[in-house]
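First comes the structure, then the notes that go with it.
Only the coordinates and a few stated rules stand behind these numbers; no lab work does. Note that the structure is predicted; figures quoted are calculated from it, not measured. Cβ placement follows ideal geometry from the backbone for every residue including glycine, while neighbour counts extend to all protein chains displayed.
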Amino acid sequence: MSAVLADMPKTEATKTVAPATTKAIAPSRGERPRTFYVLATLFALYVLALYGPMFCIYILSFQDIRGGLVFPMKGTSLHWFVDLFTQVRTGDVKGSFDRSIKLAVIVTVITVVVSFLAGLGFRKRFRGDTVVFYMMIGSLVAPGLVLGLGTGLLFQALGLNASWYTSALGAQLSWTLPFGVLVMFAVMSRFNHVWEEAAYDLGASRWQSIRLVIIPVLAPGLVAVALFGFTLSYDEFARSLQTAGSLNTLPLEIWSMTLNVTSPSLYALGTVTTIVSFIVIGASLGSIVLIQNKRGSSTKG
Amino acid sequence: MKSDRGDIELAGVCKSFDGVTNVVDGVNLKIADGAYCCFIGPSGCGKTTILRMIAGHEDPSAGEIVIGGQNVVGLAPVQRRTAMMFQSYALFPHLSVRENIAFALRVRGLSKADRLRAADVMIEKVRLTQFADRLPAQLSGGQQQRVALARAAITEPRVLLLDEPLSALDEQLRVQMRQELRRMQQELGITFIHVTHTQLEAIALADLVVVMEQGKIKQAGAARDVYAHPHDRYVAEFMGGQNVLSGRVEKVNGSCFTLAQAASSGIEVPLQTRPSVSVGDQVDIAVRRDDVALVRPGRELPPGCTTSLPSRVLAIEYQGYFVKVMLDTVPDDAFVAYVPEKTFFADPFTVGDVVMATWATGSALPLA
């Protein structure tokens with residue numbers, strides 16, 4: 001009975017729609033076109049190719065003490081995670097993790113602030129705006145390794161010590177800033193400048209209009225810029241390689257471990273860094289959702 | 001020396017964005033305190049620029065803008081005590097209705113309790129109490145408009161400027177909100193300046209209608225003056241409801257002159273507002289579409305009609321209380337008769353019929 005009822009609207013709908021249109025609307029239920037399955041298979045393969053190698057690493061990191069670097073799995077335990085943080089021979093994981101997080105936070109803050117200001121600056125055309133824009137794109141497409149090398153050489157020539165919080169910071173910003181600004185442009189394109197005019201009309205000062213209108217309206221976009229800045233910095237390798245100085249950032253540490261560590265500790269490290277990445281992404285997306293929900297109900301009190 | 005009066009005087013106001021062409025070109029106008037004034041014209045005629053100059057969002061290149069006896073050029077909107085309602089309302093998307101309305105008080109530094117109380121009073125005035133906690137995106141177009149109105153009105157302006165306030169609404173709501181605007185204007189007792197490109201809106205609302213073209217005022221006056229007594233061809237055609245004919249003056253006798261038309265017999269026109277007409281002049285005249293009567297050939301003309309032009313019916317549109325009959329009376333211009341429904345259907349015409357278009361001689365209006 002219920003099946004009959006459920007079928008009713010469908011048959012009704014098919015009757016009223018011309019045959020040609022039915023096919024286009026079809027994906028709603030049943031009889032999908034053949035192309036759907038072709039594309040779905042393609043997508044499944046893509047996902048497998050994308051995540052498969054990483055999942056191998058995650059799985060192998062949970063072996064027990066007999067574990068090796070290749071399949072098959074030998075037992076299950078958290079042994080290599082403990083090993084990772086206790087053994088000195090695996091390298092300075094804790095220290096490099098610390099530095100990477102600190103560096104990523106500094107990069108994020110600078111990227112957000114500069115991108116926001118650039119977004120404000122580019123609201124109106126100004127003399128040389130195209131030059132500024134293309135110079136920015138140039139720094140985005142410049143080969144990272146070469147740029148890092150150059151930065152390292154420049155520091156040496158100037159007699160400065162390369163370190164993660166000076167030369168590496170600069171090299172990373174050459175990468176995160178253009179990205180942040182581009183994201184900001186996309187965000188700003190949906191900002192209606194009449195809002196600012198309305199704020200001025202209602203007596204708001206420049207600063208009030210930035211604080212009470214522009215920043216709150218752009219908040220989700222700023223979180224997105226922050227996320228970009230953080231993740232780009234956190235796993236940045238090429239630009240940091242020649243600029244980090246004597247103390248490694250995490251990606252550099254992992255790289256050097258691949259050369260001399262021959263235990264699943266390496267895989268455990270991969271698992272941990274991935275978890276941190278996902279926490280950061282989750283927190284960012286969560287805060288965007290939170291901002292939007294808050295807008296829906298904040299004003300009740 | 002602050003004045004509460006919202007009378008406005010524009011003296012020689014010009015605006016040029018590129019230094020070459022004047023978007024607003026030497027506008028002089030007086031608007032009385034508490035008047036409802038509509039600027040009307042096609043897009044690009046400078047009406048919105050004038051509004052923005054009065055609002056303080058644009059500075060004039062030349063001229064003075066005087067509000068309540070004080071030249072306000074260079075002052076911020078708040079100092080001018082003007083408030084603007086933007087075309088798409090420009091409500092802050094992240095703030096609730098109440099916070100949107102309280103915004104002006106917030107930037108003035110009023111405490112949260114005070115400003116929300118004041119906002120609630122205003123919300124009541126525009127009948128949005130049950131929507132006070134909603135976001136703009138959750139409101140209909142009409143409700144958004146009321147929020148915009150309330151947000152502007154809470155600053156207690158002496159002049160409220162409205163930039164095409166009804167253009168975002170559908171037809172039915174537009175008529176309804178039109179009345180609401182008028183009601184609010186009377187309730188607040190302040191000057192409203194309203195920019196529109198819809199003739200009906202302007203004549204329905206305004207005490208003072210200002211018709212503009214290419215940065216200049218073509219005619220300013222009471223709605224009925226502008227509609228029924230247009231100065232020139234532009235105003236007559238723009239405001240609508242008129243047939244405009246042109247021709248050469250054939251003879252002038254006493255209070256009348258006769259206009260010779262290329263394709264028809266002479267048209268007799270009274271010499272009311274245009275005393276200086278001489279034979280040979282090229283002259284435009286206007287005849288209201290609802291003054292035109294249609295008579296079958298050979299029948300007697302109604303009393304007072306001396307002119308009758310043979311025409312063919314090109315198209316007929318039923319409009320409810322009247323029927324719009326389009327004719328080929330004059331070769332270059334459209335000629336339309338609005339025939340009352342009952343008159344039309346007593347003896348209906350069909351497309352292709354030959355009729356005589358006629359009107360009482362006194363209703364023909366010579367244009368400048």
Put a dot 7 Å past each Cα toward the Cβ at residue A:70 and residue B:113; how far apart are the dots in nm? 7.7
Students often forget the sequence filter, so: which aspartates and glutamates lie under 13 Å Cα-Cα from residue B:30 once same-chain residues fewer than 8 apart are removed? B:7, B:9, B:64, B:207
Anyone know which of A:126, A:97, A:179 comes out most mobile in the 10 Å Cα GNM of chain A? A:126
Prolate/oblate/rounded call for chain A, Cα gyration tensor, a/c under 1.5 rounded: oblate
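222 nm [θ] for chain A, helices only, -39500 (n - 2.57) per DSSP H run of 4+, per residue, to 500?
Details: 14 runs with 215 residues, N = 301.
So the calculated ellipticity at 222 nm is -23500 deg cm²/dmol.
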Run the simple label-point estimate for residue A:58 and residue B:345 please: 7 Å along Cα→C-beta, distance reported in nm. 7.6
For residue B:281, which sequence-distant residues (separation of 5 or more, or a different chain) have an amide H within less than 5 Å of its own amide H, given hydrogens modelled in the peptide plane? B:249
Cα long-axis angle, helix B:171-188 against chain B (0 to 90 degrees, to the nearest 10): 60
Can you list the HN-Hα couplings for the range A:200-215, worked out from phi with the Karplus curve (6.51, -1.76, 1.60; θ = phi - 60°), rounded to whole Hz and with x for Gly and Pro? 4, 4, 8, x, 6, 6, 3, 5, 4, 5, 5, 6, 9, 10, 5, 4
Environment charge of residue A:104, counting only residues whose C-beta is closer than 13 Å and scoring Lys/Arg +1, Asp/Glu -1: -1
Förster-model FRET efficiency, 56 Å R0, residue A:157 and residue A:47, C-beta, rounded to 0.05: 0.75
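With all pairs of different alpha carbon atoms counted, what Kirkwood hydrodynamic radius in Å does the range B:70-181 show? Mind showing how you got there, number by number?
Details: mean 1/r = 0.0694 Å⁻¹.
Across the range B:70-181, the inverse of the average 1/r is 14.4 Å.
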Mean other chain Cβ within 10 Å across B:97-108 is 4
Among A:78, A:269, A:222, which one shows the highest mean-square fluctuation when chain A is modelled as a Gaussian network with alpha-carbon springs under 10 Å? A:78
Nearest 10 degrees, 0 to 90: helix B:97-107 Cα axis against chain B principal axis: 70
Taking chain B and counting helices only, DSSP H stretches of n ≥ 4 at -39,500 (n - 2.57) each over all residues, the nearest-500 ellipticity at 222 nm comes to -7500 deg cm²/dmol
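Can you pull the mean other chain C-beta count within 10 Å for peptide B:76-84?
Working: counts 4, 5, 5, 1, 0, 0, 1, 4, 6.
Per residue, the average neighbour count from other chains is 3.
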Rounded to the nearest 0.05, what FRET efficiency do residue A:83 and residue A:35 give with R0 = 45 Å and r taken as the Cβ-Cβ distance? Could you check? 0.35
Can you tell me the FRET efficiency between residue A:130 and residue A:192 if r is taken as the Cβ-Cβ distance and R0 is 25 Å, rounded to the nearest 0.05? 0.55
Phi-derived 3J(HN,Hα) across the range B:74-80 with the Karplus relation (6.51, -1.76, 1.60, θ = phi - 60°), rounded Hz, x for Gly and Pro, is x, 8, 6, x, 5, 5, 6
Angle, helix B:141-153 long axis vs. longest principal axis of chain B, Cα atoms, 0 to 90°, nearest 10? 60
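Less than 13 Å Cβ to Cβ from residue B:243, Lys/Arg counted +1 and Asp/Glu -1: what total charge do the surrounding residues give?
Combined, the nearby Lys, Arg, Asp and Glu give -3.
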Euclidean distance of C-alpha centroids, the range B:281-354 and the range B:81-107, integer Å: 50
Geometric extent, Cα atoms of chain B - Rg, Dmax (angstrom): 24.8, 81
State, to one decimal in nm, how far the label point of residue B:281 lies from the label point of residue B:204, with both points 7 Å from Cα in the Cβ direction. 3.8
Highest-MSF residue in chain A out of A:173, A:202, A:117 [GNM, Cα springs under 10 Å]: A:202
Relative contact order of the range A:52-176, please, whole-number percent, based on alpha carbon pairs below 8 angstrom and at least 6 residues apart. 17
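Summing Lys, Arg as +1 and Asp, Glu as -1, what charge do residues with Cβ under 13 Å from the Cβ of residue B:360 carry, residue B:360 excluded?
Details: positive: B:288; negative: B:268, B:290, B:291.
Every neighbour counted, the sum reads -2.
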